[in-house]
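In what follows, a single structure is set out as structure tokens and then discussed.
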Amino acid sequence: MMSQALPDIEALIRHRGTMLLIDRLIEASETHAVGEVLIAASSSFHRPGRGVPAYVGLEYMAQTVAAFDGARRLATGEMPGVGFLLGTRRYKAEKSYFQPGEILLIRADMVFSENGMASFDCRISISSETCVTAMLNVYRPEDGAYVLEGLG
């Protein structure tokens with residue numbers, strides 16, 4: 001679907017300023033997306049001497065899902081819209097903090113989609129090692145439900 005160059009993250013999601021937490025979308029298809037974050041001392045939620053708490057990974061995952069949706073919308077001529085994180089299941093972090101200099105790859109794989117509701121199996125990896133996993137449930141209002149053959 002979107003193998004060519006992807007737009008800047010600001011064109012894909014509505015978050016701005018210190019609440020725009022992911023740096024870019026590096027990959028997107030009909031069923032998945034991969035976002036990237038470079039952790040720095042200037043990162044939102046950074047705690048001096050510790051890093052960014054791993055629970056912020058939940059928002060990195062949610063913004064990767066939002067970027068996935070934004071890329072899908074732009075591909076059909078729509079503008080990115082509002083979506084809602086309804087909840088998460090099985091958030092498991094193998095570390096307490098992300099350290100400055102670490103590059104996080106956030107992958108979100110759609111596993112369910114129907115009537116605007118969707119579930120994504122998400123993981124955060126550093127240097128090919130998965131350090132955080134979770135399942136996110138989201139809702140996309142309006143008539144733009146995700147439609148995938150065999151999934152919804």
What number of residues within segment 1-30 are among the hydroxyl-bearing types (Ser, Thr, Tyr) and at pLDDT 95 or above? 0
Here the qualifying pairs (Cβ atoms under 9 Å; residues six or more apart or on different chains; first in segment 82-98 and touching a residue at least 12 places away in the same chain (Cβ under 8 Å) and of a type in the set (Lys, Arg); second open to solvent by 50 Å² or more (accessible area, probe 1.4 Å) and assigned to a strand (DSSP E or B)) come out as 90/133; 92/133
Could you check segment 59-133 for strands (runs of 3 or more DSSP E) lying wholly inside it with 1 or more residues that are at pLDDT 95 or above and buried (at least 22 other Cβ atoms within 10 Å of the Cβ)? 103-114, 117-126
Can you pull out every residue in segment 22-45 that is touching a residue at least 40 places away in the same chain (Cβ under 8 Å) and not aliphatic (A, V, I, L, M)? 30, 31, 32, 35, 36, 43
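The values are calculated or read from the model by the stated rules, or taken from the named source; none is laboratory data. Predicted model, so just to flag it, every value in this text is computed and none were measured. Cβ coordinates were reconstructed from backbone atoms using ideal geometry, including for glycine residues, and neighbour counts include every protein chain displayed. These area figures cover heavy atoms from the full protein model, side chains too; ligands, DNA and RNA do not enter into them. Shrake-Rupley method; radii C 1.70, N 1.55, O 1.52, S 1.80 Å.
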